[in-house]
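Below is one structure, written out as structure tokens, with a few remarks after it.
The values are calculated or read from the model by the stated rules, or taken from the named source; none is laboratory data. In this text, all values refer to a predicted model and were calculated from it rather than measured experimentally. Quick reminder, even Gly has a Cβ in these numbers, built from the backbone with ideal geometry, and neighbours come from all protein chains shown. Each accessible area value is taken on the protein alone, full model and side chains, heavy atoms only, with ligands, DNA and RNA left out. Shrake-Rupley method; radii C 1.70, N 1.55, O 1.52, S 1.80 Å.
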Amino acid sequence: MRPKIAVIAFGAGRALFGVVLLAVPDPITRTWVGSEDVPARVLARCLGGRDVVVGAGTAMAAARDRDPAPWLVGGAVADAVDAATTLAAGERIPRRGRLATVALAGAGIAAGAWLARSVH
């Protein structure tokens, strides 16, 4: 797969994940933080909005032959913050949620870094 196509697909996937967080946050907040209350939904939707913007920006930059690296690096940094803050919460966050968040964020960090290097 050409790097440009991979970046577009990665960005679109991130944006789609953001749409899911905006539309139906409860299954994710239940797993991630063990709650479906209003504050959890608000935070999930805030993260969803972030992922829509970062993902769409990534995909559009690549599609328009612009450098998507700043979007990819920004997304990787955001994912690192998600992982670090989730781990810092320790056992106050369900174990399954910690593992899933670190795995998903780690994959985002690795893919974003790899793609950022591959487009140059």
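Restrict the check to the stretch 39-54 and report whether at least one residue is surrounded by 13 or more Cβ atoms within 10 Å (Cβ to Cβ) and touching a residue at least 40 places away in the same chain (Cβ under 8 Å). Yes, that holds for at least one residue. Taking VAL7, is it in contact with a Leu (Cβ under 7 Å, 6 or more places away or on another chain), in contact (Cβ under 8 Å) with a residue 24 or more places away in the chain and either surrounded by 14 or more Cβ atoms within 10 Å (Cβ to Cβ) or at positive phi (or both)? Against the criterion (in contact with a Leu (Cβ under 7 Å, 6 or more places away or on another chain), in contact (Cβ under 8 Å) with a residue 24 or more places away in the chain and either surrounded by 14 or more Cβ atoms within 10 Å (Cβ to Cβ) or at positive phi (or both)), VAL7 qualifies. Right, THR85: open to solvent by 30 Å² or more (accessible area, probe 1.4 Å) and of a type in the set (S, T, N, Q) or not? So THR85 fits the description; yes.
When restricted to residues that are of a type outside the set (S, T, N, Q) and either modelled with pLDDT under 95 or exposed (fewer than 14 other Cβ atoms within 10 Å of the Cβ) (or both), the stretch 17-38 contains 12.
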